[in-house]
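Step one of this worksheet: look at the structure below.
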Amino acid sequence: MKPLLFFILLLRSLSAYCQTGPIAICAKDTLVYYFNSSGAVEINAKDFDRGSYDDKTPSEKLKFSFDRERKDTSKIFTCVELFYQRNLCNQYTTEREKKLYVFDEDNQLDSCDIHIYFEDTLLVCPFVEQHSIRINISIQNQFDFTEPIEANIYMNNKLVSTKSIKNNNSLVNFYVNNCYIDSTFRVELIKNGDPINGVTSSDVKSIKNHVLGKQIFTNPYAILAADVNESKNITAADVKDIRLLINGNITRFPKTSNWKFIDADYKFSDPSYPYDAPNYVEWIQKNENTKYVNFIAIKMGDVNMTSR
């Protein structure tokens with residue numbers, strides 16, 4: 001056999017040997033789905049894909065299924081899923097763990113674990129005991145609710161509900177299964193719009209004076225507002241980013257959200273270093289009484305606190 005022909009055949013053999021097939025990459029977080037009035041919800045397997053790929057098949061031609069036989073590219077889930085959630089309470093498992101199967105054009109497959117949480121907010125599943133949880137969410141400083149705030153509610157680190165907050169005192173109500181006693185609940189508020197609200201050249205001047213040591217911030221919330229690059233320090237880099245925002249060169253800060261919401265009851269051990277303040281309120285639920293949680297809204301870049 002000629003050396004060149006042998007070399008070509010060897011390369012082809014190695015190529016076939018190194019064929020890996022698809023690599024499945026799934027959503028790491030738990031996805032929440034709500035049953036309709038018939039006690040069912042249809043879910044597409046591809047919803048859980050987060051960039052699966054293959055060494056030969058283009059990504060857009062990969063196929064996704066909830067089973068190895070490629071029969072369940074989409075699937076209708078019913079109230080029975082809540083039955084499984086209820087029976088897993090002792091393990092504090094409030095979501096169903098399933099698998100996503102990814103297939104290439106050669107029918108090779110790979111899989112990864114996915115997590116689904118089902119909610120019966122319409123109370124159409126008769127055999128599953130559910131409990132109403134009430135949370136009163138308060139934002140203590142004045143706030144413009146032209147654009148609602150999103151409240152994400154977690155139980156044992158799993159997202160169980162998302163609510164829209166439209167005023168300074170909002171009572172939200174949602175349903176969980178009977179795992180909730182002694183569960184850890186957490187509320188986080190999110191708002192990314194209205195980036196320029198309250199941010200002016202006056203804030204730039206105040207931050208420069210702090211950096212130069214002329215007038216040091218003593219208010220921990222002002223310190224947090226000034227640290228727009230999340231470096232846990234206030235520097236000229238923060239001043240630069242705020243100027244870019246004011247001048248319209250950027251529409252949001254590159255390394256942080258436009259707003260932060262801090263636990264209003266948090267006690268700063270060192271007000272000059274407030275960076276460990278939690279941007280959530282967390283507690284262990286003991287009963288069905290209303291839980292009151294309080295936040296302070298911080299507009300990033302607005303150290304003079306003129307935002308509304």
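Structure data summary
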{"item": "Residue, surrounded by the fewest Cβ atoms within 10 Å (Cβ to Cβ), within the range 248-286, restricted to residues that are touching a residue at least 60 places away in the same chain (Cβ under 8 Å) and assigned to a loop (DSSP other than H, G, I, E, B)", "result": "LYS286"}
{"item": "Filter result (among the polar types (S, T, N, Q) and surrounded by 14 or more Cβ atoms within 10 Å (Cβ to Cβ)) within the range 220-234", "result": "ASN229, ASN233"}
{"item": "Residues of the range 30-81 satisfying the condition of being of a type in the set (Phe, Trp, Tyr), within 22 Å of the chain's Cα centre (by Cα) and either farther than 19 Å from ASP110 by Cα or exposed (fewer than 14 other Cβ atoms within 10 Å of the Cβ) (or both)", "result": "TYR33, TYR34, PHE35"}
{"item": "Tally, over the range 192-204, of residues that are at pLDDT 90 or above and of a type outside the set (Asp, Glu)", "result": "5"}
{"item": "Residue within the range 189-209 that is closer than 30 Å to SER132 by Cα and either touching a helix residue (DSSP H, G or I) at 6+ places or on another chain (Cβ under 8 Å) or among the basic types (Lys, Arg) (or both) present", "result": "yes"}
{"item": "Within the range 88-129, tally of residues that are crowded, with 18+ Cβ neighbours inside 10 Å, more than 17 Å from ASN44 (Cα to Cα), at pLDDT 60 or above and not charged (D, E, K, R)", "result": "1"}
{"item": "The range 160-171, residues that are hydrophobic (A, V, I, L, M, F, W, C) and either farther than 16 Å from GLN285 by Cβ or more than 19 Å from the chain's Cα centre (by Cα) (or both)", "result": "ILE165, LEU171"}
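The values are calculated or read from the model by the stated rules, or taken from the named source; none is laboratory data. Here the structure is a predicted model, which is why all the values come from computation and not from measurement. As a convention, Cβ positions derive from the backbone with ideal geometry for all residues, glycine included, and neighbour counts pool all protein chains shown.
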